[in-house]
Amino acid sequence: MRAVVLDENGQPALADMPEPEGEGELVRVRACGLCGSDVEKIGNAPAGTVLGHEVVAEADGRRVALVHHLPCGECERCSAGHESNCDAFRAATIVPGGFAERARAAETLALPDGIDDAAATYVEPLACVLRAVERLPSGRVLVVGNGFVGRLFGAVLGRRGDEVFAIDRNPARDGRHPDGPVDAAVLCAPGGGTEAADSLAPGGTLLVFAPSSPLGLDAVYRSELTVLGSRSATPRHMHEAIALLPELDLPEPTVLPLERFHEGLDLYRSGEALKVVFTP
């Protein structure tokens, strides 16, 4: 089968590889979204790695979303709501990865007919956002980094009834700036932690949703801020995302075939494309 595989230098290249064997249901990939975490692994992950986890596939004639990582649901960390730190969570559930013609999936969830393949790749990142939003207090919320994930946060928070502000270093993506202190801030772009913390009212909450530059703790101490982290999603949030997705007004993706992976990667890195989805 064809797949985008990282070479000995960690760079992606279209290549032929054997169909995956082992446990899990064999599915035919229909579309896979490019995530910032995929881009972070380019140049760093070992040779032979196939990236991609925002996957829509076909299994036994059904369109399905693939579940990315599975917590055990029983350990102390899962019980405390830290499922992404469960020991079982690290196990691969999409083998070899979504940027391939076929994959083996540990768990799949049926998709409704009303969502096309490209938009259905939003289920996994939307599920991550839904899990994070559960940890945020309602009120005035600033989203720092108004790319695709920032837009997901804005849509979900707005639907919840929050007053949402958004800032971005890219002028083309910059949104409505806050007109005063906010109750909570979401950091969903690298860096920007200090800016997010400085925007908070005393007693406010900072949710870290992306790798960040060092955060000065003086503001945390003096303003008694709460700092939280959130990473990835659970099967429950995947179910919720499938139900919610048709109700949200979200940006259209740029859809390209796998053989144009480098073009899509450049569009993502340059900021020209808000979201890139690849089809086999």
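Close Cβ contacts (under 6 Å, 6 or more residues apart or on different chains) running from residues in the range 252-271 that are at positive phi to residues that are open to solvent by less than 80 Å² (accessible area, probe 1.4 Å) and of a type outside the set (D, E, K, R) comprise Gly271/Asn170.
Check Thr205, Thr194 and return the single one that is more than 23 Å from Tyr122 (Cα to Cα), touching a residue at least 60 places away in the same chain (Cβ under 8 Å), open to solvent by 10 Å² or more (accessible area, probe 1.4 Å) and of a type in the set (S, T, N, Q). Write out each step before concluding.
On the way: Thr194 fails: touching a residue at least 60 places away in the same chain (Cβ under 8 Å).
Every option except Thr205 fails the conditions.
Modelled with pLDDT under 95 and either surrounded by fewer than 24 Cβ atoms within 10 Å (Cβ to Cβ) or under 24 Å from Pro181 (Cα atoms) (or both): is that true of Arg151 in this structure? Against the criterion (modelled with pLDDT under 95 and either surrounded by fewer than 24 Cβ atoms within 10 Å (Cβ to Cβ) or under 24 Å from Pro181 (Cα atoms) (or both)), Arg151 does not qualify. Kindly indicate whether any position in the range 211-222 is part of a loop (DSSP other than H, G, I, E, B), modelled with pLDDT of 95 or more and surrounded by fewer than 22 Cβ atoms within 10 Å (Cβ to Cβ). Checked the range 211-222: no residue is part of a loop (DSSP other than H, G, I, E, B), modelled with pLDDT of 95 or more and surrounded by fewer than 22 Cβ atoms within 10 Å (Cβ to Cβ).
With respect to (1) touching a residue at least 24 places away in the same chain (Cβ under 8 Å); (2) over 16 Å from Ala233 (Cβ atoms); (3) of a type outside the set (A, V, I, L, M), the lone exception for Gly61 is condition (1). Scanning the range 67-77 for residues that are buried (at least 19 other Cβ atoms within 10 Å of the Cβ) and either farther than 28 Å from Glu21 by Cβ or β-branched (Val, Ile, Thr) (or both) yields a total of 1. Evaluation of Glu40 against the conditions (1) in a loop (DSSP other than H, G, I, E, B); (2) under 16 Å from the mean Cα position of the chain (by Cα) shows that the sole unmet condition is (1). Scanning the range 240-251 for residues that are part of a helix (DSSP H, G or I) and in contact (Cβ under 8 Å) with a residue 24 or more places away in the chain gives Glu240, Ala241, Ile242, Leu244, Leu245, Pro246, Glu247. Looking across the range 78-90 at every residue that is surrounded by fewer than 16 Cβ atoms within 10 Å (Cβ to Cβ) and more than 18 Å from the chain's Cα centre (by Cα), the one that is farthest from Glu21 (Cα to Cα) is identified as Ala80. Of all residues in the range 27-49, those being under 12 Å from Gly97 (Cα atoms), open to solvent by 30 Å² or more (accessible area, probe 1.4 Å) and not basic (Lys, Arg) number 2.
In the range 141-160, the residues that are over 17 Å from Ser37 (Cα atoms) reach residues that are among the polar types (S, T, N, Q) with C-beta atoms within less than 7 angstrom, at least six apart or across chains, in these pairs: Leu142/Ser199; Arg160/Ser138. In the range 64-98, the qualifying residues are those that are touching a residue at least 24 places away in the same chain (Cβ under 8 Å) and among the aliphatic types (A, V, I, L, M), and the one that is farthest from Met238 (Cα to Cα) is Val95. Any residue at all in the range 110-123 that is within 14 Å of the chain's Cα centre (by Cα) and either over 16 Å from Met238 (Cα atoms) or open to solvent by 10 Å² or more (accessible area, probe 1.4 Å) (or both)? Yes; the residues of the range 110-123 include at least one that is within 14 Å of the chain's Cα centre (by Cα) and either over 16 Å from Met238 (Cα atoms) or open to solvent by 10 Å² or more (accessible area, probe 1.4 Å) (or both).
The values are calculated or read from the model by the stated rules, or taken from the named source; none is laboratory data. Since the structure is predicted, the reported quantities are computational estimates derived from the model, not experimental observations. Heads up, the Cβs are rebuilt from the backbone with ideal geometry, glycines too, and the neighbour counts pull from every protein chain shown. Areas reflect the complete protein model, heavy atoms only, side chains present, ligands, DNA and RNA absent. Shrake-Rupley method; radii C 1.70, N 1.55, O 1.52, S 1.80 Å.
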